[in-house]
Amino acid sequence: MARRKLLGAVALAGVVALTAAACGSDDGSSSDGKKTITIGFQGVLSGDNQQLGINALYGVETAVAEANADANLPFKLKLVQSDDAGSPDQGPTAAQKLIDNSDVLAVVGPMFSGATKASEPLYSQAGLLSVSPSATNPALTTLGFRTFYRVIAPDTVQGTADADYIATVLKAKKVFSLDDKSDYGTGLSAALEKELKAKGVTVVHDGINPTKNYTSEATKIISEKPDVLFYSGYYAELALLSKALHDKGFRGITVSGDGSLDAKYVEQAGAAAAEGTYLTCPCSDANSDPNAAAFVESYKKINGGARPGTYSGEAYDATNALIEVFKNLGDNLSRESVAEAFGKVDYQGVTKLVKFQPNGEVEGANDFIYRVKNGQIVVLGNTVDLIKS
């Protein structure tokens with residue numbers, strides 16, 4: 001808990017520093033005469049799974065700091081944040097905080113699917129653009145949210161690819177599919193189970209709300225004797241589940257999605273319980289991508305030596321795509337003009353080409369497989385390539 005509080009304090013300090021550097025006078029200009037453009041960040045910055053939010057916040061901070069150091073840009077950026085704790089209950093309040101700040105022209109976030117679903121009606125009503133780096137529930141782009149985009153593929157991509165990998169590479173005949181009953185978890189498990197059944201794999205489904213004791217659930221899983229357990233949820237809960245399974249001698253393979261892809265999983269589960277776990281994500285690892293080397297170095301420099309984590313690159317790309325829109329709009333800046341222009345953006349980021357379909361889905365999609373080896377999370381490769389090899 002102390003470590004989580006420290007990280008939250010570091011994140012807040014980083015935002016305060018960036019805000020102070022970019023703050024202008026009362027007329028909206030910076031100290032060097034450039035106009036100031038304000039963007040918001042909404043995400044999970046407190047609670048058990050806050051590291052995922054910090055990863056994304058640091059990605060935004062990196063893009064903002066780079067922009068503010070660019071003498072050729074005709075504006076400075078100011079960043080304000082709003083913590084929704086990843087909760088649907090807190091999402092609307094966090095969104096309203098940014099909406100009520102009339103200076104905010106666009107928002108990076110929300111992050112978790114439940115908080116996103118709860119927040120987007122407010123953003124749409126306000127005409128305020130929000131770009132999620134991480135919300136993957138497939139339904140989010142079907143609910144009529146007029147100003148919502150995401151730079152990550154939906155769970156229909158991840159769940160399908162994961163199922164193909166489990167059936168083809170792991171050769172599972174029986175899978176226990178467990179979700180955390182959240183919008184994210186149920187969206188991922190539904191996509192996974194549909195494809196597993198199409199591949200002839202036997203599926204046992206269960207759902208459990210996040211808890212601090214997974215002993216009885218571990219007993220239930222082991223009694224079914226699955227080849228693979230797939231958990232659709234977040235790393236804090238997977239860590240507790242993995243410890244319970246390890247203590248009870250589970251002999252199957254554990255797999256989980258992007259919500260669990262963080263070093264905090266290994267730290268909290270313990271190296272022995274986490275070892276061998278497969279983790280998946282519709283996101284690549286910037287740290288091992290030669291094309292992202294400059295981003296990684298910049299990220300480390302700006303964020304006190306921290307390395308990019310899950311969603312860092314996506315948040316960085318979302319912010320830079322916004323900056324591209326601001327540059328193109330010139331003095332024609334308003335919430336309405338930014339929201340309209342963003343749908344036409346065509347920006348090559350470090351994670352992907354940021355270009356959107358009419359429904360707000362990003363063009364192109366990939367899924368990657370990771371595994372815990374010797375206490376470290378390592379990327380194995382693109383799921384499609386791994387299945388072919």
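The values are calculated or read from the model by the stated rules, or taken from the named source; none is laboratory data. Predicted, not measured: the structure shown is a model, and the values here were computed from it. Note that each Cβ is placed from the backbone with ideal geometry, even for glycine, and that neighbours are counted across all protein chains shown. In case anyone asks, the SASA skips ligands and DNA or RNA and just uses the protein heavy atoms, side chains included. Shrake-Rupley method; radii C 1.70, N 1.55, O 1.52, S 1.80 Å.
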Within the group G127, G91, G114, G109, which residue is free of Cβ contacts under 8 Å to residues at least 60 places away in the same chain, under 23 Å from E361 (Cα atoms) and of a type in the set (G, A, S)?
G91
On the phi < 0 side of the Ramachandran plot, crowded, with 21+ Cβ neighbours inside 10 Å and either hydrophobic (A, V, I, L, M, F, W, C) or in contact with a strand residue (DSSP E or B) (Cβ under 9 Å, 6 or more places away or on another chain) (or both): does that describe A172?
yes
Which of the residues belonging to segment 145-181 are aliphatic (A, V, I, L, M), closer than 13 Å to L229 by Cα and outside any helix (DSSP H, G or I)?
L170, A172, V175, L178
Quick one: in segment 127-144, which of the residues that are in contact with a strand residue (DSSP E or B) (Cβ under 8 Å, 6 or more places away or on another chain) and not in a loop (DSSP other than H, G, I, E, B) is most open to solvent (accessible area, probe 1.4 Å)?
T141
Yes/no for T202 being surrounded by 20 or more Cβ atoms within 10 Å (Cβ to Cβ) and either modelled with pLDDT under 95 or not aliphatic (A, V, I, L, M) (or both):
no
Can you find even one residue in segment 104-126 that is assigned by TED's automatic domain parsing to the domain that holds I323, closer than 30 Å to I37 by Cβ, surrounded by fewer than 19 Cβ atoms within 10 Å (Cβ to Cβ) and among the β-branched types (V, I, T)?
no
Exclusive hit being surrounded by 23 or more Cβ atoms within 10 Å (Cβ to Cβ), outside any loop (DSSP other than H, G, I, E, B) and assigned by TED's automatic domain parsing to the domain that holds A341, set A95, A67:
A95
Going residue by residue through segment 245-255, is there one that turns out to be in the same structural domain as T186 (by TED's automatic domain parsing), within 18 Å of I166 (Cβ to Cβ) and charged (D, E, K, R)?
yes
Can you tell me how many residues within segment 286-295 are within 19 Å of P133 (Cα to Cα) and surrounded by fewer than 20 Cβ atoms within 10 Å (Cβ to Cβ)?
2
